Amino acid sequence: DEWVTLYSSDGWRFGVQRAPDHVPPRWPDPAHPQQMHVDFQVADIEASAQHAESLGARRLSGNDHWVTLADPAGHPFDLCHADVEGTQVFAVTIDTADAPELGRFYSGLLGLDVTYEGPEGVMIGTAGEQVMFQQVAELQRPRGPDPTYPQQLHLDITVDDADEAERAALALGAVRLPGDGENWRVYADPHGHPFCLLTG
């Protein structure tokens, strides 16, 4: 199959798309960047990390508060300690050379308030729908759909009216990219990260 959809217990939906020309990230190498990653909250970091490793993940770094791993395709993700049951999504984190600028773009696009701004980045939204913009020293921007400058991950954003949402996205600085379907259109944010607007 070309696409697999996974549903989390806390309301997130993750799609895994087949990409024959996939170039895996090699975190933290900026020449092979991650672009985005997901931060998960767990009660027992070590047990969760060992479970992830038993499924094919590779441990990259960590401390008493978080562990960074790479999934079997090379995408990094973090397990962060929290007082939660099971595994919950904390945030989708997007790399950027200008966290305040990209935070303002997505705040306007998603209608989520900026809830944190500091030297390491910017957070928008509240628990359950948070997006973090991580300040990085070196950023190789994706150039979708060019596999030599890969996207790695992207956001799918559900909207009621595709034309109205497109006008708003373009006014905020998005660029329309090639590719669309019956209920989806592809764009790039001002820093090159692709995202889709979906209806229905």
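Points worth noting:
- Charge dipole magnitude, Cβ of K and R +1, D and E -1 - the chain, Cα centre, debye nearest 20: 520 debye
- Computed from Cα atoms, the angle from the helix 99-110 axis to the main principal axis of the chain rounds to 60 degrees.
- Rotationally averaged projected area of the range 1-147 (alpha carbon convex hull; nm²): 9.4 nm²
- Linear extension gain, residue 84 paired with residue 5, 0.36 nm per residue minus alpha-carbon span: 26.0 nm
- Angle in degrees between helix 45-54 and the longest Cα principal axis of the chain, rounded to the nearest 10: 80 degrees
- Put simply, the amide H of residue 149, placed in the peptide plane, has neighbours under 5 Å in 143, leaving out anything fewer than 5 places away on its chain.
- Pairwise inverse Cα distances across the range 74-193, averaged and inverted, put the Kirkwood hydrodynamic radius at 15.6 Å.
- Averaged over its residues, the chain has an accessible area of 56 Å² per residue, based on protein heavy atoms and a 1.4 Å probe.
- Note on the range 43-105: with charges restricted to the Cβ of Lys and Arg (+1) and Asp and Glu (-1), its dipole about the Cα centre is near 180 debye.
- Note on the range 1-150: antiparallel DSSP beta bridges, both residues inside, total approximately 75 percent of the bridges counted.
- Measuring nothing but protein heavy atoms, the accessible surface of the range 1-123 at 1.4 Å probe radius is 51 percent carbon and sulfur.
- Considering only 136, 23, 84, the mean-square fluctuation computed in a Gaussian network model of the chain, springs between alpha carbons under 10 angstrom, is largest for 84.
- Rounded FRET efficiency, nearest 0.05, which uses the C-beta distance separating residue 113 from residue 44 and R0 of 35 Å: 0.65
- Cβ-derived FRET efficiency at R0 35 Å, residue 143 paired with residue 199, nearest 0.05: 0.85
The values are calculated or read from the model by the stated rules, or taken from the named source; none is laboratory data. Since this is a predicted model, take the numbers as computed values, not measurements. Counting neighbours? That spans all protein chains shown, and the Cβs are built from the backbone with ideal geometry, glycine included. Remember, those area values only see protein heavy atoms, side chains included, never the ligands or the DNA or RNA. Shrake-Rupley method; radii C 1.70, N 1.55, O 1.52, S 1.80 Å.
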